[in-house]
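The values are calculated or read from the model by the stated rules, or taken from the named source; none is laboratory data. The model shown is predicted, which means the values in this text are computed figures rather than measured ones. Counting neighbours? That spans all protein chains shown, and the Cβs are built from the backbone with ideal geometry, glycine included.
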Amino acid sequence: MKDRKIAIIDMGSNSIVLMIIKISENGSYKMIDQAKVMVRLSEGMAKSNQLHESAMNRALDTIKLFKKLMDSHKVNETIAVATAAVRNASNNASFLKMVEDTGLAFTIISGEQESYYDYLGVINTIDIENCIIVDTGGGSTEIILVKARKVINMISIPYGAVVLTEKFMKNKGDTKANFKKLEEFVKGKIRKIAWLKNLEDMTIVGLGGSIRNLSKVNQNQIGLLSGGIHNYSMNSQEVNATYDMITNLDVQERRKLSGLGKDRADIIMGGLVPIKTIMEHVKSNQLLISGHGLREGIFFHNYYKMCGLSSEVVDNVLEHSLKNTLKKYEANIPHGNHVRTLALGLFDQLKDIHKLGTEFRKLLAVGAILHDIGLYVDYYDHHKHGFYLVLHSGIDGLTHKELLTCAFIVAMHRNEDPKISWKEYAGYLDKSEYEKIRMLGLMVQIAEGLDRNEYGNVKGIKCVVSKASVKIALTTVHIPDLEIEAARLSERMFKKIFNRDLMIECKQ
């Protein structure tokens, strides 16, 4: 497969978003550009059910600009879809003809298709078995029930942030009484969805700009250095507190609120009511925020067809994302795999002295296989480059805290001090947790030393633990002089962390 660039355009009720993804010859993919313009295409539709001329002109101007950007990237294929605003407009045919005259043809997708693409975007990037996906857009809200990673039921209701705001708030006044009517209206719609009954304590996965803003406000309130919002978790108390804070402010106050976009301040209430209502309806205690939805779902649908794969749903979210990340950063994958094997061997055989649970074993495996990705930036300080690449490269299947832990493991894989303080991330880690991560980083450090030549000379290890020392006996193909010398550079740190001498010898 040759390198390809795919453009995906989502013309929604509130915004039009362009995403350009490059698929490389090795099968890896990454987003290389994105553009978003708030056009409020559904503005005024609550009364007339027609797209207004001013809104259509804003959309046409945006599409023309997007086309220029796509041309500059030399895009190979474009997939352009229109959702609720165009889907529900009585004058959608004439509008799409005007759009087509710009050189781009859009397809109106049904609410069911939109829901399915949302599902693909979530299930391929969040490691979850059972959940209710809720996507609150500008003109509609999609609700998808997922069990055992499969769609069980889905529905699209024609009420989103813009439509609800216009129906209850914008023209009638931003008052508490009107907001109460909005809440009651949405509760009535949700109660009519029969399959949402008897689903207590299901995790809700929320998509859409309003829900993303909810999480950003929450992160700012509790002082987290954000690692992004994808897979960010909020419990019901945090959701309720943040919801109450936002909805008790007037529009001008909301525009000044840190984490809340100024262009969303007037419609945020209409966007938050559906997610809050559904959480209460099913008595959910957890909201996961997804940064991926419709556009990513469209990408996965086409990517798997392009690659000739049989399923659009990945078997293992984390492993799939790790493989993509390693290819994307041109890592030495056999070396990474071998370091992972050796590091896990150390973890298993030293469990009596490190006393870490199995959840740390999983994170050690991730940190070990990713340990060298910083080489993509430069050899010098590649452990530090690796820290930031892990933290900001969109690795799926991990919580924010797990991702930070893996980033620190990567940062610690050399004998040099990375000089990255855990205190900068005190919202996620404390001193005792950081000390546990140092143990994992040391294991990767030793494991990498044992594969110093990067050709798998060390085939096996056996650790003998005593009160005074740990002896590691190596099974090798060739004399492992280089490997032993490299691993011995960790002796001082080993003594400091485990209060034992580290000795390495070859069985040959």
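Summary table
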item: Some residue of segment 64-79 being over 30 Å from Asp3 (Cβ atoms), surrounded by 20 or more Cβ atoms within 10 Å (Cβ to Cβ) and at pLDDT 95 or above; result: no
item: Given (1) closer than 17 Å to Gly138 by Cβ; (2) out of contact with any strand residue (DSSP E or B) (no Cβ under 8 Å at 6 or more places or on another chain); (3) at pLDDT 90 or above, index of the condition Phe168 fails; result: (3)
item: Conditions (1) within 30 Å of Ile123 (Cα to Cα); (2) crowded, with 20+ Cβ neighbours inside 10 Å; (3) of a type in the set (Lys, Arg); number of the one not met by Arg414; result: (1)
item: Hits in segment 27-46 (condition: without any contact (Cβ under 8 Å) to a residue 24 or more places away in the chain and either outside any strand (DSSP E or B) or polar (S, T, N, Q) (or both)); result: Gln34
item: Any hit, segment 111-121, residues being in a helix (DSSP H, G or I), crowded, with 16+ Cβ neighbours inside 10 Å, of a type in the set (D, E, K, R) and without any contact (Cβ under 8 Å) to a residue 40 or more places away in the chain; result: no
item: Options Lys462, Lys496: the member that is surrounded by fewer than 19 Cβ atoms within 10 Å (Cβ to Cβ), free of Cβ contacts under 8 Å to residues at least 24 places away in the same chain and of a type outside the set (S, T, N, Q); result: Lys496
item: Residue list for segment 177-192, restricted to those being farther than 13 Å from Lys276 by Cα, buried (at least 16 other Cβ atoms within 10 Å of the Cβ) and touching a residue at least 60 places away in the same chain (Cβ under 8 Å); result: Phe179
item: Filter result (assigned to a strand (DSSP E or B) and either β-branched (Val, Ile, Thr) or at pLDDT below 95 (or both)) within segment 475-502; result: Thr475, Thr476
item: Count - residues of segment 71-109 that are on the phi > 0 side of the Ramachandran plot and more than 33 Å from the chain's Cα centre (by Cα); result: 0
item: Wholly enclosed strands (runs of 3 or more DSSP E) of segment 124-171 bearing at least 3 residues without any contact (Cβ under 8 Å) to a residue 40 or more places away in the chain and either more than 15 Å from Ile278 (Cα to Cα) or not assigned by TED's automatic domain parsing to the domain that holds Ile268 (or both); result: none
item: Any pair with Cβ under 6 angstrom, 6 or more apart, that starts in segment 1-23 at a residue that is over 20 Å from Cys307 (Cα atoms) and ends at one that is assigned to a loop (DSSP other than H, G, I, E, B) and among the aliphatic types (A, V, I, L, M); result: Ser13/Leu41; Ile16/Val39
item: Qualifying residue in segment 427-437 (condition: within 18 Å of Ala487 (Cα to Cα) and either touching a residue at least 12 places away in the same chain (Cβ under 8 Å) or polar (S, T, N, Q) (or both)); result: no
item: Selection within segment 369-383 - part of a helix (DSSP H, G or I) and either under 21 Å from the mean Cα position of the chain (by Cα) or surrounded by fewer than 19 Cβ atoms within 10 Å (Cβ to Cβ) (or both); result: Ile369, Ile373, Gly374, Leu375, Tyr376
